[in-house]
Amino acid sequence: VQLQASGGGLVQAGGSLRLSCAASGRTFNKYGMGWFRQAPGKEREFVAAISWSGVTTEYADSVKGRFTTSRDNAKDTAYLQMNSLKPEDTAVYYCAAEGTGYGGTYYNRYNYWGQGTLVTVSS
């Protein structure tokens, strides 16, 4: 499956952005979807995940209550709604797909990765 992330940009602290991850090439609704981010000089870290049905979601503690992941299987697209953004949320955000359908927090579960979209939060 090919993934295309979009929606990044520059926003002030306290603002919101919605990232999209459009999938193509295979049956989207078989895959669990994950969001990861990587800040300059830091390792890639888990942000959020959603199961194939959308029923189960997981979040990193640092984004709980501020970020929401969802998916629209009819549109082959996953989303990450980011509210109350903080400067420490600045990173390149990646979407990823994994074949069990259940998502998960470990990046090595994910077989397919999008190209990343940059989110910059100014103070």
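Brief remarks follow.
- Probe 1.4 Å, accessible area per residue of the chain, Å²: 51
- Residue order for Lys42, Lys86 - accessible surface, 1.4 angstrom probe, largest first: Lys42, Lys86
- Kirkwood-type radius of region 1-115, with distances r between different C-alpha atoms, in Å: 13.8
- Residues within the reach of a label modelled at Ser6 (point 7 angstrom out along Cα to beta-carbon, backbone nitrogen below 18 Å), restricted to region 74-103, are 74-82, 93-96.
- For Gln38 and Asn73, a Förster radius of 30 Å and the Cβ-Cβ distance give a FRET efficiency of 0.65, rounded to the nearest 0.05.
- Which of Trp113, Trp35, Trp52 is most accessible, then next, and so on - probe 1.4 Å: Trp52, Trp113, Trp35
- Here the accessible area is traced with a 1.4 Å probe on the protein chains. For the chain, carbon and sulfur cover 47 percent of it.
- Given a 1.4 Å probe and the protein chains as shown, Tyr59 ends up with an accessible area of around 50 Å².
- All other residues whose Cβ lies under 14 angstrom from that of Asn108 are scored, Lys and Arg at +1 and Asp and Glu at -1, for a net of -1.
- For the chain, the antiparallel share of DSSP beta bridges with both residues in that region comes to about 90%.
- Computed with every protein chain present, the accessible area of Thr56 is close to 70 Å² [probe 1.4 Å].
- Order of exposure, largest accessible area first, which applies to Asp89, Asp61, Asp76 with probe 1.4 Å: Asp61, Asp76, Asp89
- The mean sequence distance of close C-alpha pairs (under 8 Å, at least 6 residues apart), as a share of the length of region 1-121, puts its relative contact order at 37 percent.
The values are calculated or read from the model by the stated rules, or taken from the named source; none is laboratory data. All values reported here derive from a predicted model rather than from experimental measurement. All Cβ positions, even for glycine, are placed from backbone atoms using ideal geometry, and neighbour counts span all protein chains on display. Calculation scope for accessible area: heavy atoms of the full protein, side chains included, ligands and nucleic acids excluded. Shrake-Rupley method; radii C 1.70, N 1.55, O 1.52, S 1.80 Å.
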